[in-house]
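What follows is a set of notes on a single structure, which appears directly below.
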Amino acid sequence: MKQKIFLSSLIAIFLIGFLGANVFAFVIENPLGEISDIYTLIEKITNFLIGLAIVITPIIIVYAGFLYITAAGNEEKVKTAQKVLIWALIGFALVLIAKGVPALIKQFLAGNSNTDNSETCADSGGNCCSTSEVCSGQILGPCDNGLICCEGKCTAK
């Protein structure tokens, strides 16, 4: 019996090792997608949290309303309902404020102290604008040292 187990184990090792090693190979895909830097990761996390807050906040507000309606004049229950409503709104406001934090951190770490919008910039479509032209759409921002911003990257003129 032991010889059969040993022989079958030996055959299994042979088959796996020499014939089909790639058959059992698998690839673990990145669950975060095409994320190449920490800023993009933080941005995706904040976008997820905002989406979650948009779903949860109305539910908590309805719960606070339910608490208020079922208080039946009991001041302690009314105060509890008010606290739930206030904290739900404060939490939602904090999540909305958190949306701007990654951009502030990125600007702070990049050291871009230039706030003069007279330099070359690009619009939200990535189209180049000179100092005499007006960018259409959202301005991505000026570049330092006389560089121009094309397709989101600062390049030489």
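The values are calculated or read from the model by the stated rules, or taken from the named source; none is laboratory data. Everything numeric here is computed off the predicted structure, so don't read it as measured data. Note that we place each Cβ from the backbone using ideal geometry, even for glycine, and neighbour counts take in every protein chain shown.
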Checklist entry - Does any residue in the stretch 68-80 that is among the β-branched types (Val, Ile, Thr) come within less than 7 Å, Cβ to Cβ, of a residue that is in a helix (DSSP H, G or I) six or more places away or on a different chain, and which pairs are these? => result VAL78/TYR68; THR80/LEU67
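Among the residues in the stretch 3-26, are any assigned to a loop (DSSP other than H, G, I, E, B) and at pLDDT 70 or above? Break it down into steps so the answer makes sense when it comes.
First, the residues of the stretch 3-26 that are assigned to a loop (DSSP other than H, G, I, E, B): 20-26.
Filter again for at pLDDT 70 or above, leaving none.
No, every residue in the stretch 3-26 fails to be assigned to a loop (DSSP other than H, G, I, E, B) and at pLDDT 70 or above.
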Item to check | Residue in the stretch 53-105 that is surrounded by the most Cβ atoms within 10 Å (Cβ to Cβ), counting only those that are closer than 22 Å to LEU41 by Cβ and among the small types (Gly, Ala, Ser) | outcome: ALA53
Next on the checklist: Please go through the stretch 81-104 and give me each residue that is in contact (Cβ under 8 Å) with a residue 24 or more places away in the chain, under 26 Å from ILE38 (Cβ atoms) and in a helix (DSSP H, G or I), ordered by number.
Outcome noted: GLY91, PHE92, VAL95, LEU96, ALA98, VAL101, PRO102
